[in-house]
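Colleague: Just dropping this structure here.
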Amino acid sequence: MLDSVASAIEVVPMGGPCGAEIRGVDLSKRLSDEVVAQIQRAWNEHLVIFFRGQDVSQEQQLAFAARFGELGARKQAPDHLRAKTEGVLQLDPKILLVSNIKLDGVPIGAFGDGDMWYHIDSGYTSRPYRYTFLYGVELPSSGGDTLFANTYLAYEALPERLKKHLAGKKALHIHEYKRTAQVDVDGDISDAPHWYHPVFITHPYTGRKALFVDRLMTARIQGMSKSESDEILAELYDIVERPGHVYAHKWALGDFIMWDNLATVHARADFPRGERRLMRRCTVEGEPVRE
Ligand code: OGA
Ligand code: MN
C-alpha cells in the first residue's frame with residue numbers, strides 16, 4: 001500500500017481536448033513497471049502527455065521510450081534528398097534531430113524553419129509509428145508551438161452522412177518532403193513513399209475510432225474522383241483542426257512530450273527566422289492500422 005502511494009504519479013489534465021502534464025517523474029531514471037503502467041493509462045486517456053524540467057541524455061530518452069514498445073527506426077530519405085531533408089548530424093538510426101540549425105550552411109537536422117502542417121508521423125508507410133517522443137534542447141525566444149488535434153473527437157464530430165459514405169474507404173498518404181504544401185497526386189509518385197490506410201481506424205489499445213487523415217500527406221480517397229475527394233478531404237481537415245479539438249503546447253526548455261500518433265495529428269507554428277531550435281525525437285513502431 002505504502003509502496004503504491006510512494007510511486008503514484010500526478011496527472012494534471014490541460015482541461016481541453018487532449019494533453020496532460022505528468023509530475024513527480026524523473027525520466028533520466030529507470031522507472032518501475034507500475035509507474036510505466038500509470039503513464040500508459042494517462043497516455044491512453046489524454047493522448048499527449050508531457051513532463052517539465054527534464055534533463056535526459058539520448059540514451060536515457062531511448063531507454064524510456066523502449067518501455068512502450070519496439071523503438072522505431074528513422075525513415076531514410078532518398079539519397080539525393082538526404083542532406084536537404086534529413087540533415088547531416090543524424091548519427092543514430094533511432095534518433096531524429098528536428099532542427100533548423102546549419103553547420104557550414106548544411107542542415108544538421110530535419111524540418112528546418114517555420115510552420116508545418118498537420119500530419120501523422122510516417123503516415124505514408126505501411127506501419128505508421130505508434131508513438132513519438134520529443135525533447136526540447138534549444139528553443140527560439142517565441143513561437144514554434146507544437147499543436148495537437150484529437151482525432152477521436154474529429155471522428156465523433158463527423159456528420160452521419162460522412163461516417164456512412166467513408167466507412168470502409170481508404171486514402172492515399174504520400175510523403176513529398178514538403179512542410180506546407182499538398183501533394184500532387186496526379187504527378188509521378190513512384191519516387192515518393194506512399195501507402196493506403198483506412199480513413200477511419202480503430203485504436204489498438206483503446207478500441208476507439210479515430211479519423212486517420214492529415215492535411216500534409218493525405219492525397220486522395222481511393223475510388224473517388226479528384227473533385228469529390230478534394231471536397232471531402234477539405235471538410236475533414238476543417239473538422240480535425242477545429243480550435244476546440246486542438247491543444248497547443250508552448251515549449252519550455254527541458255520539456256519532454258510524447259504523443260499518440262494514432263489518436264492525434266500534429267502541426268508546428270511558425271517561429272522567428274534566424275533563431276535556433278533543436279529537438280531530439282524518437283519513436284515506437286506501429287503495426288498496420290485497421291478500420
Ligand atoms: C515531429 C514534429 C513538430 C515540432 O518531430 O514529428 O512534427 O514542433 N515536430 O518540431
Ligand atoms: Mn511530426
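Colleague: Residues in segment 124-139 that are more than 11 Å from ligand 1 (Cβ to nearest atom) and part of a loop (DSSP other than H, G, I, E, B): how many?
Modeller: 6
Colleague: Exactly one condition in (1) among the hydroxyl-bearing types (Ser, Thr, Tyr); (2) over 24 Å from Ala20 (Cβ atoms); (3) modelled with pLDDT of 95 or more; (4) surrounded by fewer than 19 Cβ atoms within 10 Å (Cβ to Cβ) is not met by Tyr177; state its number.
Modeller: (3)
Colleague: Please state which one of Leu89, Leu96 is more than 16 Å from ligand 2 (Cβ to nearest atom) and either touching a residue at least 40 places away in the same chain (Cβ under 8 Å) or touching a Gly at 6+ places or on another chain (Cβ under 9 Å) (or both).
Modeller: Going through Leu89, Leu96 in turn, the sole match is Leu89.
Colleague: Please give the number of the condition Lys102 fails out of (1) within 18 Å of Glu70 (Cβ to Cβ); (2) of a type in the set (Lys, Arg); (3) without any contact (Cβ under 8 Å) to a residue 60 or more places away in the chain.
Modeller: (1)
Colleague: Spot the failing condition for Asp121; the list is (1) surrounded by fewer than 17 Cβ atoms within 10 Å (Cβ to Cβ); (2) within 10 Å of ligand 1 (Cβ to nearest atom); (3) charged (D, E, K, R), and only one is missed.
Modeller: The failed condition is (1).
Colleague: Would you mention how many residues in segment 265-291 are within 11 Å of ligand 1 (Cβ to nearest atom) and either within 16 Å of the chain's Cα centre (by Cα) or among the aromatic types (Phe, Trp, Tyr) (or both)?
Modeller: Residues flagged as within 11 Å of ligand 1 (Cβ to nearest atom) and either within 16 Å of the chain's Cα centre (by Cα) or among the aromatic types (Phe, Trp, Tyr) (or both) within segment 265-291 amount to 11.
Colleague: Now for a different question. Tell me, which residue of segment 87-110 that is farther than 16 Å from Gly136 by Cβ and assigned to a strand (DSSP E or B) is nearest to ligand 1 (Cβ to nearest atom)?
Modeller: Pro107
Colleague: Here is a further query. Going through segment 153-175 one residue at a time, which ones are in a loop (DSSP other than H, G, I, E, B) and free of Cβ contacts under 8 Å to residues at least 24 places away in the same chain?
Modeller: Selection gives Pro159 alone.
Colleague: Tally up the residues in segment 99-115 that are over 25 Å from His245 (Cβ atoms) and within 11 Å of ligand 2 (Cβ to nearest atom), please.
Modeller: Qualifying residue count for the region: 1.
Colleague: Taking Gln40 and the conditions (1) within 21 Å of Arg268 (Cβ to Cβ); (2) in a helix (DSSP H, G or I); (3) within 18 Å of the chain's Cα centre (by Cα), which numbered condition does it fall short on, given that it satisfies the others?
Modeller: Among (1) within 21 Å of Arg268 (Cβ to Cβ); (2) in a helix (DSSP H, G or I); (3) within 18 Å of the chain's Cα centre (by Cα), the lone unmet condition for Gln40 is (1).
Colleague: Checking the condition in contact with a helix residue (DSSP H, G or I) (Cβ under 8 Å, 6 or more places away or on another chain), at pLDDT 95 or above and within 14 Å of ligand 2 (Cβ to nearest atom), which residue from Tyr129, Tyr118 passes?
Modeller: The conditions single out Tyr118.
Colleague: Which numbered condition trips up Val183, out of (1) under 30 Å from Gly144 (Cβ atoms); (2) under 18 Å from the mean Cα position of the chain (by Cα); (3) among the β-branched types (Val, Ile, Thr)?
Modeller: Failed condition: (2).
Colleague: Could you figure out which of (1) modelled with pLDDT of 95 or more; (2) surrounded by fewer than 16 Cβ atoms within 10 Å (Cβ to Cβ); (3) assigned to a loop (DSSP other than H, G, I, E, B) isn't true of Gln76?
Modeller: Exception for Gln76: condition (1).
Colleague: Further, regarding this structure: I'm trying to understand the selection: among the residues of segment 132-143, which are closer than 15 Å to Glu70 by Cα and near ligand 2 (Cβ under 9 Å from one of its atoms)?
Modeller: If the condition is that a residue be closer than 15 Å to Glu70 by Cα and near ligand 2 (Cβ under 9 Å from one of its atoms), then Thr132 is the only one that fits.
The values are calculated or read from the model by the stated rules, or taken from the named source; none is laboratory data. Everything numeric here is computed off the predicted structure, so don't read it as measured data. Quick reminder, even Gly has a Cβ in these numbers, built from the backbone with ideal geometry, and neighbours come from all protein chains shown.
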